[in-house]
Amino acid sequence: MGLRRVLLLGEGNFSFAASLCGAEGAHVVATCYESEEDASRRGGAARSIRRLRESGAEVVFSVDCTKLKDYFSPEKRQFDCIYFNFPHCGRKAGVVKNRELLAHFFRSSAEVLAEEGEVHVALCSGQGGTPADQPRREWHNSWQIVAVAAGAGFILSNVHPFNAEAIHGYKCTGYRSQDKSFCVEGALNHIFTWSTPLPCFTPRSCKIQLGSQKVSFQVPQVLVDKINRGFLEPNSNHPVRTVKEELTAGLSKAFPLQDTDSCLSLLHQGHLDGVCPSNVFWITLSPEETPSSEEMSHGPTNAVLFSRVDFCQGTDKNVPEGCHSPEQFYLRPSFLPHARAITREGAFLPGTLHVLSGPVFRKCRISPHSMPVFHEVLLMFAVKRGTESSCVQVLVNNITSTIHSLHQTGAKPNINLQEAMSSETTELNDFAAFESQLGKIQYFICTDPPGSCEKGSCVGVIRTSHELVSSELVLVFASLNLDLLAMLLCGISDWRMLWTPDTRFLRQFPRGQLRLFKSFSLYPPSYVHDVSFWVPEGEQFDEVAFHTLARGVSGEMVVSIQLRDSFQQAGTGRRSLCYRLTFQSCDRALSCRGAAEVQLRLREEMQRQLGVTLR
């Protein structure tokens, strides 16, 4: 392995560069903006320059940090680390000019930084504009360093105090372009890394085997990067799989288990009782590829994704209620229909806990804990009539003890079993609210706060059924959201992080281990845009469809949609709505310009797919 190439920019008296002399495994290239003659006049500079050269470091003068590739030949442009301590335009330059300097610097750094490289920028207290600054300046009065860096494709991955006293021989200089020191108390070192590129999805199809036929369907835009990810496959080290494996291992101590999810279809057909049609993803198959109902219920399913550049994009419109036919398909929103079908088959063993697991798909509004796809584990068993409550309590106690044993933070989460009451359904998170559409629920499995089921706290539901397995048995179904459990156990605040393509996520979870997640993208900037439009006369505006469209167009970079105003025009009766959208990425670099471009695309698609008239 070769030496790490370290580039230092804007050195004043070269004392910081000199402190790195002799660093093992590093080749230092120290630069400054001034000529050698001017730089040498700074106190101690000549001595530091001499020490650098004697140690084998390179010293380069008159280097403009906004044009770095001009100073290094192509074979020497790959730096592993770039330092820029206390950048400043000089004299009394304001925040706007210094933001511009940073913007040009980051774009220039992108041309000379290695793939796994880091950019270190030290700023005085308050300049960065992040929550790490104490006290924190108002956003408009800061250098907005994270947003500026995002414009060049960088994310803030770490920030820590710049401890000048711990740097041997270091002396800051350059106050207002003079050989004078300045206050570095409270200064912070910001460490930036490369972001994965922003999503740019092309239409894709999913090809599956249903019975004796192969069929394909266009994947809804919002699911293009989420379907067929294999989180639960045997070779996966994703925390969702680890949670599932640990749960089933714990349950196996109390119940005999049978895993029956290896041949379950991605598609359902026909009508799903009680479920609002706008909450499911409807799928269209070409007539010659449409399988029979018998093949749908019994055939094995294997899904393969492939690019379809010749496939028509089409629109993802909701199927109106009452228009369902046996030939209409939708992506499975739950394993409950599969479970009920198993109870009617000879393979069902009343004394066994049957386990079904895999991704399920539901349209929902945007929130930190609401996901259009998540991994469900459905547990099903039959108990003697009259013993349902005690068996359910055994199940919940087992789940609770397993979760407590896995929890990665200090305080153990409070897992409580709450009886379901119809009057409380409006307070549930989207997971529990959808489950309520599937049939009567006896209990909610909730996390903190204890004794309530506030939004975001419900991770599972339990229902019983008196479907005839035998006259003496009652069926118990327990559905758990594995994604919410993984977030709870690993301290992940945003569900989107579970689906990130950035390899830094899975690196934190060695095979079979759950750890407290440390974000590699700190203080991501957010951007607010409003959109106003006229709703077609006589029609109800479908907010779920709007949220789903925003998810798909933005690549899940819309984190909030709020209704700001509703107006009905006198005389015509036309209705106008105004929504406020907040854009933010949890794992990628999203710039102000990038958010504006997404907003423009969303406006175009709203007209095309939702039929609204923009104002």
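The values are calculated or read from the model by the stated rules, or taken from the named source; none is laboratory data. What you see is a predicted model; the values in this text were computed from it and never measured. Note that each Cβ is placed from the backbone with ideal geometry, even for glycine, and that neighbours are counted across all protein chains shown. Accessible surface areas use protein heavy atoms only, side chains included; no ligands, DNA or RNA. Shrake-Rupley method; radii C 1.70, N 1.55, O 1.52, S 1.80 Å.
So if each residue of separation counts as 0.36 nm, and I subtract the Cα-Cα distance between Asp565 and Ser532, what length gain in nm does that give?
Extra length available between Asp565 and Ser532 comes to 11.0 nm.
Which distance in nm do the two modelled labels at Ser35 and Thr503 give, with both placed 7 Å along the Cα-to-Cβ direction?
The modelled label-to-label distance comes out at 4.7 nm.
Trypsin sites (Lys or Arg not before Pro), restricted to the stretch 494-560: which are DSSP loop and have at most 15 other Cβ atoms within 10 Å?
Arg507, Arg511, Arg515, Lys518
Using just the helices of the chain, give the 222 nm mean residue ellipticity in deg cm²/dmol: DSSP H runs with n ≥ 4 each add -39,500 (n - 2.57), and the total is spread over all residues, rounded to 500.
The per-residue figure over the chain is -6500 deg cm²/dmol.
Set the Förster radius R0 to 35 Å, insert the Cβ-Cβ distance between Glu345 and Cys276 as r into 1/(1 + (r/R0)^6), and round the FRET efficiency to 0.05.
0.75
Assign unit charges at the C-beta atoms only (+1 for Lys and Arg, -1 for Asp and Glu), then state the dipole size of the stretch 1-66 relative to its Cα centre in Debye, rounded to the nearest 20.
240 debye
Taking K and R as +1 and D and E as -1, what net charge do the other residues with C-beta under 11 Å from the C-beta of Trp534 add up to?
+1
Given 0.36 nm per residue, what is the gain on full extension from Gln607 to Glu115 after removing their alpha carbon distance, in nm?
Fully extending the segment from Gln607 to Glu115 adds 173.1 nm.
Give me the distance in nm between label points sitting 7 Å out from Cα along the Cα-to-Cβ direction at Lys92 and Arg580, one decimal.
According to this spin-label approximation, the distance is 3.7 nm.
With everything on Cα atoms, drop me the angle between helix 543-554 and the longest principal axis of the chain, reported from 0 to 90° to the nearest 10.
Once rounded, the angle reads 40 degrees.
Report, in degrees rounded to the nearest 10, the 0 to 90 angle that the Cα long axis of helix 388-406 makes with the longest principal axis of the chain.
20 degrees
Suppose R0 equals 51 Å; then what is the FRET efficiency for Ala26 and Lys214 from their Cβ-Cβ distance, rounded to the nearest 0.05? Let's see the in-between values first.
Working: r = 56 Å, r/R0 = 1.10.
After rounding, the FRET efficiency stands at 0.35.
Taking a 23 Å limit on the Cα-Cα distance, which of the listed pairs Lys69/Lys171; Lys92/Lys171; Lys207/Lys440; Lys363/Lys440; Lys244/Lys384 fall beyond it?
Result: Lys69/Lys171; Lys207/Lys440; Lys244/Lys384 exceed 23 Å.
Which parts of the stretch 550-572 would a label at Arg365 reach, counting a residue when its backbone N lies under 11 Å from a point 7 Å out along Cα-to-Cβ?
Of the residues in the stretch 550-572, 561-563 have backbone N under 11 Å from the label point off Arg365.
What's the extension gain from Glu185 to Asn235 if we count 0.36 nm per residue and subtract their Cα-Cα distance?
13.1 nm
When a/c is below 1.5 the answer is rounded, else prolate if a/b is larger than b/c, else oblate, so apply that to the stretch 457-570 with a ≥ b ≥ c taken from the square roots of the Cα gyration tensor eigenvalues.
In terms of gyration-tensor shape, oblate.
Would you work out which of Cys592, Ser576, Val612 lies farthest towards the positive end of the dipole of the stretch 527-614? Charges go on Cβ: Lys and Arg +1, Asp and Glu -1.
Cys592
For the full complex of protein chains and a 1.4 angstrom probe, list Cys446, Cys276, Cys124 by accessible area with the highest value first.
These residues rank, largest area first, as Cys276, Cys124, Cys446.
Which angle between 0 and 90 degrees, to the nearest 10, do you get for helix 45-54 versus the longest principal axis of the chain when only C-alpha atoms count?
Helix 45-54 sits at roughly 70 degrees to that axis.
Assign one of three labels to the stretch 527-614, namely rounded, prolate or oblate, based on the Cα gyration tensor with a ≥ b ≥ c the square roots of its eigenvalues; rounded applies when a/c is under 1.5, prolate when it is not and a/b is larger than b/c, and oblate otherwise.
The shape class here is prolate.
Whole number in Å², please: accessible area per residue of the chain, 1.4 Å probe, ligands, DNA and RNA not counted.
The answer is 46 Å² per residue.
Could you tell me what percent of the accessible area of the chain is made up of carbon and sulfur, with a 1.4 Å probe and every protein chain present?
49 percent
Using a simple spin-label model with points 7 Å from Cα along the Cα→Cβ vector, what separation in nm is obtained for Glu100 and Leu3?
3.8 nm
Keeping all protein chains in place and using 1.4 angstrom, which order do Glu34, Glu111, Glu556, Glu185 fall into by accessible surface area, from largest down?
Working: Glu34 50, Glu111 85, Glu556 15, Glu185 150 Å².
If we order Glu34, Glu111, Glu556, Glu185 from most to least accessible, we get Glu185, Glu111, Glu34, Glu556.
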